[in-house]
Each structure stands twice: as structure tokens, then as C-alpha cells.
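To keep things clear, I will list the structure first and then write my remarks on it.
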Amino acid sequence: MDIREVYEQGVSVTEIARRTGRDRKTVRKWIRSQELPKPRKRPRPSILDPFKEFIVAQMQKGVTNAERMLVDLRKRGYKGKVRIVRG
């Protein structure tokens, strides 16, 4: 949906906000700007962050099997699943 185009057709900022699920102030900002802002990704901490050094060291030793890595991580207190270790 092109927000500016819809706005120029007479649809109110409030209605555009309802349709898009955005705040009215955000919709107004987009209407006033020359281009739409690019989506920002928020950096999120990973449950593997405390184990990064260990994982890198293991990979340098040649351990690339996620199941094997999971066993070693569990010994060090990792509580997550193997899926994130594979990623």
C-alpha cells in the first residue's frame, strides 16, 4: 500500500494507521518524508552469546557436528535446543 497515494485520495491519517497497524504519528512521518524509511532490525542478544568463545575454539579444533557441540555446551550450562546451535 502506498501511504501517500491513499492519503491523497482523501483517506484520513487515522484510517491509514488502522489499516496498516501503525501509529498515527508514524503514518504522518511517512506522508511528510520524501521516501519511506527502511525497516530497522533491532539487535537481539542470543542465548549462545556467553558461549561464543567456546564455540569458535571448538570449530577451530574441527568440531562441526551440532549434536556433539550441544553435548559440550550443556556441560557448560547451555539450556537451549540444538536448532540454534546449527544456525
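Does G77 meet the test of being in contact with a Pro (Cβ under 9 Å, 6 or more places away or on another chain) and either surrounded by 12 or more Cβ atoms within 10 Å (Cβ to Cβ) or in a loop (DSSP other than H, G, I, E, B) (or both)? Judged against the criteria, G77 is a match. Residues in the range 16-45 that are part of a loop (DSSP other than H, G, I, E, B) and among the small types (G, A, S): 2 in all. When the residues of the range 33-47 are filtered to those that are modelled with pLDDT of 90 or more and of a type outside the set (G, A, S), the one that is most open to solvent (accessible area, probe 1.4 Å) is P45.
Just name the residue that is nearest to T64 (Cα to Cα) out of those in the range 1-32 that are without any contact (Cβ under 8 Å) to a residue 24 or more places away in the chain, among the hydrophobic types (A, V, I, L, M, F, W, C) and surrounded by 10 or more Cβ atoms within 10 Å (Cβ to Cβ). Taking the candidates together, the pick is A17.
The values are calculated or read from the model by the stated rules, or taken from the named source; none is laboratory data. Remember, predicted model here, so these are calculated numbers, not experimental data. Reconstructed Cβ throughout: ideal geometry from the backbone, glycine too, with neighbour counts over all protein chains shown. The accessibility values were calculated without ligands, DNA or RNA, using every heavy atom of the protein model including side chains. Shrake-Rupley method; radii C 1.70, N 1.55, O 1.52, S 1.80 Å.
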